[in-house]
Amino acid sequence: MFRYLPEQASEVAPKVDWLHHWITDLSVFFTVAICGAMLYFAVRYRKRDGVDHETPRIEGNNFLEIVWTVVPTIICVFVAYYGVVIYRDMVEVSEDPDQVVINGRGRQWAWDFQYQNGKVTTNEFVVPVNRPIRVVLTSTDVLHSFFLPAMRVKKDVVPGMYTYVSFTPVKEGEYHTFCTEYCGKDHSYMLASLKVVSQAEYDRWVNDRSAELMKASMSPAKLGAKLYYEKGCNACHSLDGSKVVGPTFLKLFGTERVFSDGSKATADENYIKNSILNPQSQIVEGYDAIPMPSFDGQINDNEITGIIEFLRGLDGSAPAPEQPEADEEKGQGEDLSALSPVERGKWVYENKLCITCHSLDGSKLVGPSFKGLYGREGELNDGSTYVANDEYIQKSIMDPASQIVKGYQPLMPPYAQQLGDEDVQGVIEYLKTLKE
Amino acid sequence: MSAHADGDDKNYLNCETTLWSWISTVDHKRIGLMYLFTITAFFIVGGLAALTFRIELFSSGAQFLTPDQYNVLFTLHGAIMIFLFIVPGIPATMGNFLLPLMIGAKDVAFPRLNLLSYYIYVVGAAMALIAIFNPFDYILSGFSAEQAFNPADTGWTFYAPYSVKSGSAVVWMTGAAFVLGFSSILTGLNFIVTVHKLRCPGMTWNRLPVFVWALYATSVIQTLATPVVGMTLVLLIMERVMGVGIFDPSMGGDPVLYEHFFWFYSHPVVYIMVLPAFGVVGEIIPVFSRKPIFGYKMVVYASVAIAAVGFLVWAHHMFTSGISDWTAIYFSVATFGVAIPTAVKVFNWVSTMYKGSISFETPMLYAMAFIFLFMVAGTTGVYLATLAVDVYYHDTYFVVAHFHYTIQGGAVIGLIAALHFWFPKISGKMYNEPVAKLAWFLVFVGFNLTFLPQFVLGMEGMPRRYFDYLPEFQPMHRLSTIGSFINGFGYTFALLNLLYAAVFGRVKAPRNPYNSLSLEWKTASPPSHHNFDEDPEVDDYPYAYGTPVEGGGHH
């Protein structure tokens, strides 16, 4: 009865549920027994025809009272004991060298995760199945709590100290992560998704840094334009001079601002930073109806610089940037002709998914690492040998299945349709720079 | 009302009728009534707040509230229900009215202090109202629309550092809780001295009604635990106003320390709420079963044991908070120490009915409902005491359902039971029995329909204090919302029925409508200004019902 717990996706989950179900069955038994006795007495000994019948003056019974003190005590000892034993399993610090340690950080109202290779994600994290996982937690603002129902673990996330959850996932799939310590306005939207995947898929995912690298290599103004749409600035601030909820961004930078209290300031770098982090401190005259929320904690210094540069560029001399398409299309509109061949090759590497399977640091992913590849000699899986020269590399890109290096699977798709000659040449030049 | 002239018909209600005679009264019965009306008003406000956010939670997705409004509403619901309604609850209303009557005294030990307690409560309540409407931010901001509705939104627990950073209403709300604490402490002291010093001849400790024992144990907790939360709330205010870093890590403080301080009070306070309800049930069941309370001494010792052990288990609210594993293990094991005396009490109540002559007037129906609801509250408490299982349940709807079974199913049902049971004594009238039973039915069905689905939500992993939720949680939320309205109608009928009987009722209550042996029924209904016409004396405990039998034991 009452088996509503979610699926068991960690090693400790069946143990927790076993104890849980025992408590449930004991609870149901005692509730039914005691309330059943009460109802039985109520019917059996009811007052009939409105006249009291004679009742015995029973004031107690030592034997019974000892029994119903001792029996619950014994049950409690057992339940408490197993509660402690299973809890120790749950919080045990694994000494397994294979364990995956992830740094998790709660903030109002999102979860950030950082992996040991530096990869960072927000509101999603991926772990390999059947390996001990330890998420070390802290908070940048107020209390949060990190709850993984399918793993049966939970820990408060406390500013100023580290806590952790550890679990070993046993089932691939996608699971909920909730914030369970009330943390203000969007507490109920502070969710993250946990993906448990195979070891191979995890390796590919954790080494795929393309999204971050692209962000880091963007020009500040471009980053600012991207954030303008991503963070929703566009909902209130136009780029064409029209007044929406807040002032337009067009030709804002460098002008004099008049505030609702009558004071004035020039819209310089510090003004813009302050307007993002502490918008209530300086509200432009005529715009005090709907207050802007503070972005403190949701935006880093690098991104603020990006927004400043973006605003600096909005002087009316060039058309405003359009909202970029979905992530997959990133970079499509970029002008690549200005890049040197090496830069072009690096761009291809990062944006055409090479990065997903080929590392730069010598580690073996799905495909061979690019580190020291150019000029290498080796054996293919048909027994023949190869030298990684220009011709070999070009053929590997256009028709990869024709020459698979020994020890690898023929998984790479052909790129003949997707890359031009300049792209391929760029990759070759880029690989040359990666020689040992 | 022509009976005024008749000296025999003078009672505490009609001996003086001016408004001044009420607001300056030192009569414990009138003070009890004033508390009753005040806390009932707050019960209605807190209940309406809950019904409002239950409508919001009827469906997944944002409905008609904003997240901020929802957060304010659940904070108001919690803070009002806890600090303004159920902590004063039974002790300040029924306790004030009944304690001197039950021990044969003319009043409490310090009648003026008693009135002061009431007015301190009123000041605290006024401060809470300021926190609710928060007019100062609005005025100081030059009537900025943004500050027009900015009440406390921290939850009733005021956890740091959110409460240090959130809006200024937090200072008013915590200040209110601080002031209300003094009211609680003074009432507790007053009751302790009253029980020690004002028992009538023959009223030995072994003859005290179980309700008096429960009040006594409650008063000890009030006096010892409340100062801690008072200090904690002052520290929180100092941190906000003066920037003293105690709980906020950005100023060198420790938020977990706040949790310890807070629960050191707020766990024992659960027993402040529920022990008096145990006492009420312990009075009602013997009377309607015509049987002595089974194991009087065990029932009394269990109350005292719960009060004592209740001080030693506070960190079971904090198993996931970052306390050390050994601390968690100690608090888990200690918590089971409260489960045992509580279980003993339930066994004793049920055995009292054995071979009784049981009648089912409304107070008895509430007492039986209480036993079922408290079984659910107690057994679900076992899940939460068990370390490995609580990790899963902490801060989910399972906890919400559990403490509503404890506090509403326990303390509120206990208060409503007490109101019906002693209504003839308080008002001198009889209420309409069929309407009272219908209201009981609605309360019982509505309550279970509200909170049983919340256990299921908790099992499914639904966190508490969520403005919005995933679609898979919707069916149980819908049942819960429907139940909450049935529950609300039930309370409305019950209270209106009593109010109608008190004001317009024509059926005069006899001295002792239930043939109870307890002292308060030996005086007139309603009692005279000085309680007893002649000084009472007792020679047995008040549960000597039935015919003495061989092997019946001794109390």
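Within the range A:6-16, the residues that satisfy the criterion of being surrounded by fewer than 20 Cβ atoms within 10 Å (Cβ to Cβ) and within 10 Å of chain B (Cβ to nearest Cβ) are A:PRO6, A:LYS15. For the range B:454-476, filtered to residues that are more than 8 Å from every other protein chain (Cβ to nearest Cβ) and free of Cβ contacts under 8 Å to residues at least 40 places away in the same chain, the residue that is farthest from B:TRP521 (Cα to Cα) is B:GLU472. Could we say that B:TYR500 is touching a residue at least 40 places away in the same chain (Cβ under 8 Å), within 14 Å of chain A (Cβ to nearest Cβ) and not aliphatic (A, V, I, L, M) here? No; evaluated as a whole, the condition is false for this residue.
In summary, A:VAL244 fulfils each of the numbered conditions (1) in contact (Cβ under 8 Å) with a residue 40 or more places away in the chain; (2) surrounded by fewer than 17 Cβ atoms within 10 Å (Cβ to Cβ); (3) of a type outside the set (Ser, Thr, Tyr) with the single exception of condition (1). Within the range A:122-143, the residues that satisfy the criterion of being at pLDDT 90 or above and assigned to a strand (DSSP E or B) are A:GLU124, A:PHE125, A:VAL126, A:VAL127, A:PRO128, A:ILE133, A:ARG134, A:VAL135, A:VAL136, A:LEU137, A:THR138, A:SER139. Residue-level check: of (1) under 32 Å from the mean Cα position of the chain (by Cα); (2) at positive phi, A:GLY262 misses just (1). Filter the range A:173-206 for residues that are closer than 26 Å to A:GLY367 by Cα and over 17 Å from the mean Cα position of the chain (by Cα); which is farthest from the other protein chains (Cβ to nearest Cβ)? Once the filter is applied, the top-ranked residue is A:ALA200. Residues of the range A:9-20 include none that is in a loop (DSSP other than H, G, I, E, B), in contact with a Pro (Cβ under 8 Å, 6 or more places away or on another chain) and among the β-branched types (Val, Ile, Thr). Looking across the range A:378-405, the residues that are hydroxyl-bearing (Ser, Thr, Tyr) and either in a helix (DSSP H, G or I) or touching a Leu at 6+ places or on another chain (Cβ under 8 Å) (or both) come down to A:TYR386, A:TYR392, A:SER396, A:SER402. Output the residue which, of all residues in the range B:307-350 that are more than 7 Å from chain A (Cβ to nearest Cβ) and under 16 Å from B:VAL281 (Cα atoms), is surrounded by the most Cβ atoms within 10 Å (Cβ to Cβ). So the residue we want is B:TRP349.
Is one or more of the residues making up the range B:321-328 in contact with a Lys or Arg (Cβ under 9 Å, 6 or more places away or on another chain) and without any contact (Cβ under 8 Å) to a residue 24 or more places away in the chain? The answer is yes; a qualifying residue exists.
Looking across the range B:217-243, the residues that are of a type in the set (Ser, Thr, Tyr), free of Cβ contacts under 8 Å to residues at least 60 places away in the same chain and surrounded by 20 or more Cβ atoms within 10 Å (Cβ to Cβ) come down to B:THR226, B:THR232.
Per the listing A:SER139, A:SER198, the residue uniquely of a type outside the set (D, E, K, R) and in contact with a Gly (Cβ under 6 Å, 6 or more places away or on another chain) is A:SER139. Does the range B:431-447 contain any residue that is in contact (Cβ under 8 Å) with a residue 24 or more places away in the chain and at positive phi? So far as the range B:431-447 goes, no, none of its residues is in contact (Cβ under 8 Å) with a residue 24 or more places away in the chain and at positive phi. Checked against the criterion of being at the interface with another protein chain (Cβ under 8 Å from one of its Cβ atoms) and out of contact with any Gly (no Cβ under 8 Å at 6 or more places or on another chain), the candidates A:ALA37, A:ALA33 yield just one match: A:ALA37.
Number of residues in the range B:41-83 that are more than 22 Å from B:LEU479 (Cα to Cα) and in contact with a Leu (Cβ under 7 Å, 6 or more places away or on another chain) equals 2. Restricting attention to the range B:251-292, the residues that are outside any helix (DSSP H, G or I) and not basic (Lys, Arg) total 5. With respect to being of a type in the set (Phe, Trp, Tyr), without any contact (Cβ under 8 Å) to a residue 60 or more places away in the chain and part of a strand (DSSP E or B), A:TYR408 falls outside the description.
Taken together, B:LEU479, B:LEU449 contain a single residue that is within 14 Å of chain A (Cβ to nearest Cβ), at pLDDT 95 or above, in a helix (DSSP H, G or I) and within 27 Å of B:VAL382 (Cα to Cα), which is B:LEU479. Scanning the range A:40-61 for residues that are part of a helix (DSSP H, G or I) and more than 7 Å from every other protein chain (Cβ to nearest Cβ) yields A:TYR40, A:VAL43, A:ARG44. In the range B:441-454, the residue that is farthest from B:VAL212 (Cα to Cα) out of those that are crowded, with 24+ Cβ neighbours inside 10 Å and among the hydrophobic types (A, V, I, L, M, F, W, C) is B:PHE451.
The set of residues in the range A:144-170 that are within 20 Å of A:VAL129 (Cβ to Cβ), of a type in the set (Gly, Ala, Ser) and facing chain B (nearest Cβ under 9 Å) contains only A:ALA150.
Does at least one position in the range A:133-141 carry a residue that is touching a Phe, Trp or Tyr at 6+ places or on another chain (Cβ under 9 Å), buried (at least 22 other Cβ atoms within 10 Å of the Cβ) and more than 14 Å from chain B (Cβ to nearest Cβ)? Yes, the range A:133-141 contains a residue that is touching a Phe, Trp or Tyr at 6+ places or on another chain (Cβ under 9 Å), buried (at least 22 other Cβ atoms within 10 Å of the Cβ) and more than 14 Å from chain B (Cβ to nearest Cβ).
Report yes if B:TRP172 is more than 14 Å from chain A (Cβ to nearest Cβ) and modelled with pLDDT under 90, otherwise no. Answer is yes for this residue. If you go through the range A:214-257 and keep only what is at positive phi and of a type in the set (Gly, Ala, Ser), you end up with A:GLY232, A:GLY241, A:GLY254.
Of all residue pairs spaced 6 or more apart or on separate chains, those with beta-carbon atoms under 6 Å, a first member in the range B:544-555 that is at the interface with chain A (Cβ under 7 Å from one of its Cβ atoms) and a second member that is of a type in the set (A, V, I, L, M, F, W, C) are B:GLY552/A:ILE58.
The values are calculated or read from the model by the stated rules, or taken from the named source; none is laboratory data. Quantities reported herein were computed from a predicted structural model and do not represent experimental measurements. Ideal geometry is used to build each Cβ from the backbone, glycine not excepted, and the neighbour counts take in all protein chains shown.
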